[in-house]
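What follows is a single structure, written as structure tokens, with notes after it.
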Amino acid sequence: MLTERELDHFLDSFLAIPGEETTSGENISEAEENLEEYQLPTDGLIIRQMEKDGKVGHRTWFALVLMLLIVPALLYLSVRIFHGKKYMISSLIVVFAAMLPFFMMFEGRKPKAREIMVIAVLSALGVAGRAAFFMVPSFKPVAAFVILTGISFGGEAGFLVGCLIMLISNMFMGQGPWTPWQMFSFGIIGFLAGILYKKGILKARKIDLCIYGFLSVVLIYGGIMNPASVLMAYGHITKESLLAFYISGLPVDLVHAASTVVFLCIMSQPLLTKLERIKVKYGLIQR
């Protein structure tokens, strides 16, 4: 297994862009001294110095309005007009809507490929994690990856990673009219995690993350997918059908929520710590 220093040197080589100057020894030493402060403190906070000023930018609020109003309307129209047959087009529309606010973060700067690559790696990890547990129904780490991405890189990145994980993994699990709804559900979970952390409501503690993970899966994912299932099945929603789908889907949502708690307990500390080290050392996703 690689040591911390060996892993940092590997990341230096892996994330280096041809033609860029390498970091000097003095800067590396200074960065390593700063990175040593990213330890689990006694108050239970996983990351002590994760950047959080309590302010949510105008672009983020615009993105939230875009996600909550335009995307659900498009998904609803896709069911009513195309009857779920054009689900791939709907999925691509959701991905485009997710990419727009994410790339708005780069306004006024010249982003490097390494910044996009980290998001791609997190999406790939989520896809691999979902595929690894395909034998266990609803026991998946997707929500955990999405929540940790939203906390570390912002709500926009959390939404994008949630969309990409479900779109790509469903190429193996099976595409269908449920795909864009799943993309939207996980995207909202990541987006809200980023906003709540930025506002100081959600703390970087295991207990806080686990509570949010459990509630978000039951209330947000289940709250979106159950009505969507009724709509996809019957083309319209009634009180009786909605209640029946909620009751029948509750055990599945509880298993999914419990698995999210398990994965957050296991992954939150090492993954957030490593992501913050990468952000500090390579200056990623700076607004």
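Farthest toward the positive end of the dipole of the range 185-275, out of ALA233, GLY249, LEU219, is the Cα of LEU219, where the dipole comes from beta carbon charges about the Cα centre.
Karplus-derived 3J(HN,Hα) values for the range 150-156, using 6.51 cos²θ - 1.76 cosθ + 1.60 with θ = phi - 60°, are x, 5, 7, 10, x, x, 4 Hz; glycine and proline are entered as x.
Beyond 24 Å in Cα-Cα separation lie the following of the pairs LYS140/LYS239; LYS206/LYS274; LYS198/LYS281; LYS140/LYS274: LYS140/LYS239.
Rg of the Cα atoms in the range 162-262, relative to 2.2 N^0.38 Å, amounts to 1.14. Segment LEU69..LEU219, full-extension length gain: 52.2 nm, with 0.36 nm per residue of separation and the alpha-carbon distance subtracted. Seen from all directions on average, the range 150-199 presents a Cα convex hull projection of 3.0 nm². Put a dot 7 Å past the Cα of ALA128, heading toward its Cβ, do the same for HIS236, and the two dots end up 4.8 nm apart.
Using R0 = 25 Å, the C-beta based FRET efficiency linking PHE172 and ALA244 works out to 0.25. Centre-to-centre, using Cα atoms only, the range 115-139 and the range 241-266 are separated by 19 Å. Put simply, the amide H of ARG205, placed in the peptide plane, has neighbours under 5 Å in ILE46, leaving out anything fewer than 5 places away on its chain.
Evaluating 6.51 cos²θ - 1.76 cosθ + 1.60 at θ = phi - 60° for every residue in the range 266-271, the Karplus couplings come out as 7, 9, 4, 5, x, 6 Hz, glycine and proline recorded as x.
Just so you know, all these numbers are worked out from the coordinates, no wet-lab data involved. Note that the structure is predicted; figures quoted are calculated from it, not measured. Here Cβ is always computed from backbone atoms with ideal geometry, including for glycine, and neighbour counts include all displayed protein chains.
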